[in-house]
Structure formats: C-alpha cells, structure tokens
1. Quick one: what are the phi-derived ³J(HN,Hα) couplings along the stretch 151-156, Karplus 6.51/-1.76/1.60 with θ = phi - 60°, whole Hz, x for glycine and proline?
2. Could you list log10 I(q)/I(0) for the stretch 62-217 at q = 0.11, 0.12, 0.20 Å⁻¹, which the Debye formula gives when each Cα is one point scatterer?
3. Work through the residues other than Val106 whose Cβ is under 13 Å from its Cβ and net out their charges, Lys, Arg +1 and Asp, Glu -1.
4. Charges on Cβ only, +1 for Lys and Arg, -1 for Asp and Glu, centred on the Cα centroid of the stretch 91-228; of Leu121, Ala105, Trp219, which one is farthest towards the dipole's positive end?
5. If r is the Cβ-Cβ distance from Ala235 to Glu122 and R0 is 35 Å, what FRET efficiency results, to the nearest 0.05?
6. Return the whole-Å distance between the Cα centroid of the stretch 119-188 and the Cα centroid of the stretch 87-105.
Amino acid sequence: MSGVCAQRIRPPVNRGNSRMSSLKCPQCALVNFAGVEQCRRCGLYIAGVVPFTVEPAEPAENPNLTLRVLPVAGTILALVFTWWASLLLSSDALDPQQRATVERAVAVLRAGSFDREVFLLEHMTNFRSTDNWWNEYVGHGQAYAATNFPFQVMTLYPPFFERSADDVERAIILLHEAQHLRGRGEPRALAEVWRAKARLGWTADNYSHTRVWKNTREWTHTELPRFFSCGTDFASDCYD
C-alpha cells in the first residue's frame, strides 16, 4: 500500500461570472433553476420557457476621497496663511538703511558661493526689525536674529546691526539663520557655520576679538565640543 495519501480532486468552481440563468413558472411564478422540465411547486411543464438571467447587484461606488480631502486641505492652508499674516502684521519691516545692510551681507555670502542660502534669503524670507507676537511669547534673550520656520520670517535685532564688526560678520549671522530657514536645529546651524567660516575669511586671526566671534565660539563649543579637540593639545579648533 502506497504511503502517499491520495485526495479526490474536485473540478474547479468558476467564480469569474456570478450571473445565474433561471426559469420562472408562468403559472405559480416560482423561480426554478435552468434545465428543469417541470415546476417544483405546481408541476407545470416549463421546459420550453425562455430562461432569464439574474444580474448581480453592482457594488456601491467608493466615496470620492477628493471631496473629503479638499475641505481639510483648504482649512489647513487658511490657518497657515492666517498665522503667517499675523507674524507680519504684529512686527515692523526693515527700513531702507537696514535693508541695504542686509543686501551687503547677502552679497558676501554670494561671493562665498553659498547659493542655496542666498536664494532663501533673497526670495523666500520676510525680514522684520521688531518682534512679532510669537517671538515675544517664546522669548529670544540677547539674540542677533530669530527665524520662524516654516513661515520664513526672520527678525533682525539691533545687535545684528550695531555689534557685528562688518558685513562679513553679518553674513555669518545670516548664514546661521539660513540653516533655520531650511528647517535645521541649532546644533546643525552652528556646525554648518563653524565648518564654513574660513570660506568667508571669518577666522580667529581676524575676528577673535569681536563679540560675534566670542559668542559664536562659546555657543559652538557648548553644543559641539568635539569641534575643539584637535591639535597636539587636543583642545584646538578643528576648523581653523
């Protein structure tokens, strides 16, 4: 006797067509399966009756998701626009002299081939000279600038114009804030600026005496101490 268990193979059931042909008795109206000769209820001979086909019910159409998504998307856009507008309405724009100072600093970045940051600063940024309601609520300490991402609103405080040594240092500040315009956090922004500072000529030899240099170095050392672990003493700037 073979050790393989044999199974009876059933013919496949065709499920591709769900339509069914039937015969309706003209005498008692009972619906009989096609192929029968007599009605199962009254016994009338129905072999010659023309069969009819019962069509399956059409499945209910899926609701149009677009009609449900559009109102939600519209509401979100309206809220974003209202928030953005409130930041501008609750703050002051730069005056012509301040605008000219920013343009010179951006030109320094352009000369250093910071093309992405220059594009954001020239085409995607609303510069303000006073705090909007959001900045006042959050607070900013003694900052040179503050950026509201993703609304691309940048506030430049008096130290940006008064305490920076020249356009190079103002370019450094804008380079830092441009990282926030790209959605990057403070450690990443400090890292990008400290790595790239030599491209703008912003080095210890030229600027170690300035307040912007001292502040930036202190903040970078606090967030990224590994940047100052080079040299024979393992305590020198790795990007100087």
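Each reported figure results from applying straightforward, stated rules to the coordinates on display, with no laboratory input. Nothing here was measured: the structure is a model prediction, and the numbers come from that model. We place every Cβ from the backbone using ideal geometry, glycine too, and count neighbours over all the protein chains shown.
1. Coupling constants for the stretch 151-156: 7, 6, 10, 10, 9, 9 Hz.
2. For the stretch 62-217 at q = 0.11, 0.12, 0.20 Å⁻¹, log10 I(q)/I(0) is -0.47, -0.55, -1.31.
3. -1
4. Final value for the positive-end residue is Trp219.
5. The pair Ala235/Glu122 has a calculated efficiency of 0.35.
6. 11
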